[in-house]
Amino acid sequence: GKSSLVSQVLVELVSQALGQGGAAQEEQPDEPDLERDEELPLAGHIVSGMEGVRRLVRVDQKPIGRTPRSNLATYTGLFDQVRKLFAATKDAKKRRYDAGRFSFNVAKGRCEHCAGEGFVMVELLFLPSVYAPCPTCEGARYNAETLEVTYRGKNIAEVLGMTVGEAIDFFKDEGAVERSLEVLNEVGLDYLRLGQPATELSGGEAQRIKLASELQRATRGDALYVLDEPTTGLHPVDADRLMVQLNRLVDAGNTVIVVEHTMRVVAGSDWVIDVGPGAGDEGGSVVASGPPQDVARNKKSRTARYLAAQMVE
């Protein structure tokens, strides 16, 4: 019941209290989804604590986009800054190219054969259709004239092909771009390409991209962040890096609520609520709550000994 309580009931009740309705809940896709959560009737109300919350942010593992046109750079706003840098070059000004020219979604700059997709669909007789790199732009997404404009020796397609780690060195001293890249690096996404399509990202990667976007504007404070098992599939080192960023949100005056089974994360929390005593139908009750060291000493909690072992380490 942890996910139902935190990710559904709490989110809905806080949204209502903030006057957002169901705004915090992303729309479900139209196609059949075997993993879609069953909608449960909501009950209860928030007794107190909303005076410190002005904004609700649900950082979940849903895709940041459902088409290859959505990518890391477009979602974080990084692409807007990069296009402005290209538009400010002498060559672009001489050709009267604006920032829109360097978007693969705009007709004037993109490859018209693939409409900026970078690939074309090939229909096969008796077999499913397959996708192949565009024969005109060879996957670059842009037309030849746009690719002639370079920034520090790289055209826009080559920049989108860089990893976050490579781009940090390339855009050194470019304030807004460098800051966005540093945050992505801090959440452990230095290996992703700037133009990597959203359809190629895992749920955990999408969640960390959303978190990185939030970290860029976390100085506002008074926000409630809700995450459901963010360390699933992460290496312990990456889990520790994620915890550093969550603590940054807290230090900025925000509140972070996490549904989690990883004891290293639980041990690093300020307050723990242990729900149980068992799983499934045997759960649903609050077994223990308090600072990690108190929960680790609770004899009624089945989690206590595992938490205690982690805290000793």
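Kindly report, to the nearest 10 Å², the accessible surface of E178 as traced by a 1.4 Å probe over protein heavy atoms only.
In the full protein context, E178 sits at about 40 Å².
Determine ³J(HN,Hα), in whole Hz, for all residues of the stretch 254-261 in sequence, where each value follows from phi through the Karplus function 6.51 cos²θ - 1.76 cosθ + 1.60 and θ = phi - 60°; x replaces Gly and Pro.
9, 10, 10, 10, 10, 8, 8, 10
Quick one: with all protein chains in place, what share of the accessible area of the stretch 72-196 is carbon or sulfur, to the nearest percent (1.4 Å probe)?
Numbers: 3320 of 6420 Å².
Solvent-exposed carbon and sulfur of the stretch 72-196 make up 52 percent of the total.
For N143, what residues show an amide H to amide H distance below 5 Å, using hydrogens built from the backbone and excluding near sequence neighbours?
It is R110, C111, by chain and number.
Which ³J(HN,Hα) values, rounded to whole Hz and listed in residue order, are derived for the stretch 172-180 from phi using the Karplus coefficients 6.51, -1.76 and 1.60 in 6.51 cos²θ - 1.76 cosθ + 1.60 with θ = phi - 60°, glycine and proline given as x?
The phi angles translate into 4, 6, 9, x, 5, 5, 4, 5, 4 Hz.
In whole Hz and in residue order, list the ³J(HN,Hα) couplings for the stretch 93-102 that follow from phi through the Karplus curve 6.51 cos²θ - 1.76 cosθ + 1.60, θ = phi - 60°; x for Gly and Pro.
Ordered by residue, 3J(HN,Hα) equals 5, 5, 8, 6, 8, 9, 4, x, 4, 9 Hz.
Computed over the Cα atoms, what is the radius of gyration of the chain divided by 2.2 N^0.38 Å, N being its residue count? Walk me through the numbers before you get to the answer.
Details: Rg = 23.0 Å, N = 313, 2.2 N^0.38 = 19.5 Å.
Taking the Cα Rg and dividing by 2.2 N^0.38 Å, one obtains 1.18.
Rounded to the nearest Å, what's the spacing between the alpha carbon centres of the stretch 88-147 and the stretch 285-313? Just the number, please.
Here the answer is 56 Å between Cα centres.
Go through T146, L10, I46 and say which Cα lies farthest out towards the positive end of the charge dipole of the chain; charges sit on Cβ, +1 for Lys and Arg, -1 for Asp and Glu.
The one lying farthest along the dipole's positive direction is T146.
Take every Cα pair under 8 Å in the chain that's 6+ residues apart, average their separations, divide by the length, and report that relative contact order as a whole percent. Spell out each step's value before the answer.
Numbers: 465 pairs, mean separation 53.2, N = 313.
Relative CO of the chain lands at 17 percent.
Taking only protein heavy atoms and a 1.4 Å probe, what accessible area per residue, in Å², does the stretch 72-196 have with all protein chains in place? Walk me through the numbers on the way to the answer.
Numbers: 6420 Å² over 125 residues.
Accessible area per residue, the stretch 72-196: 51 Å².
Under a 5 Å amide H to amide H cut-off, with H placed in plane at 1.01 Å, what residues pair with V272 once short-range neighbours are removed?
Amide H neighbours of V272, under 5 Å, 5+ apart: G290.
Given +1 on the Cβ of Lys and Arg, -1 on the Cβ of Asp and Glu, and no further charges, what dipole in debye does the chain carry about its Cα centre, rounded to the nearest 20?
On the way: 36 positive and 46 negative charges, 223 e Å.
Its charge dipole is roughly 1080 debye.
Heavy atoms only, 1.4 Å probe, whole protein assembly: order S285, S70 by accessible area, highest first. List each step's numbers first, then the result.
Numbers: S285 60, S70 35 Å².
Largest accessible area first, the residues go S285, S70.
Could you rank K93, K172, K299 by how accessible they are, 1.4 Å probe, largest area first? Intermediate results must be reported in sequence, preceding the final value.
Working: K93 135, K172 110, K299 195 Å².
Sorted descending by solvent-accessible area, the residues read K299, K93, K172.
Just to be sure I follow the rule: in the chain, considering lysines 8 or more places apart or on different chains, how many pairs have Cα atoms under 18 Å apart?
12
Name the residues whose placed amide hydrogens come within less than 5 Å of the amide hydrogen of V256, ignoring near sequence neighbours (fewer than 5 apart) on the same chain.
Under 5 Å from the amide H of V256: Y225.
The values are calculated or read from the model by the stated rules, or taken from the named source; none is laboratory data. Just so it is clear, the model here is predicted, and its values are computed rather than measured. We place every Cβ from the backbone using ideal geometry, glycine too, and count neighbours over all the protein chains shown. Accessible surface is based on the protein model in full, side chains and every heavy atom, while ligands, DNA and RNA are left aside. Shrake-Rupley method; radii C 1.70, N 1.55, O 1.52, S 1.80 Å.
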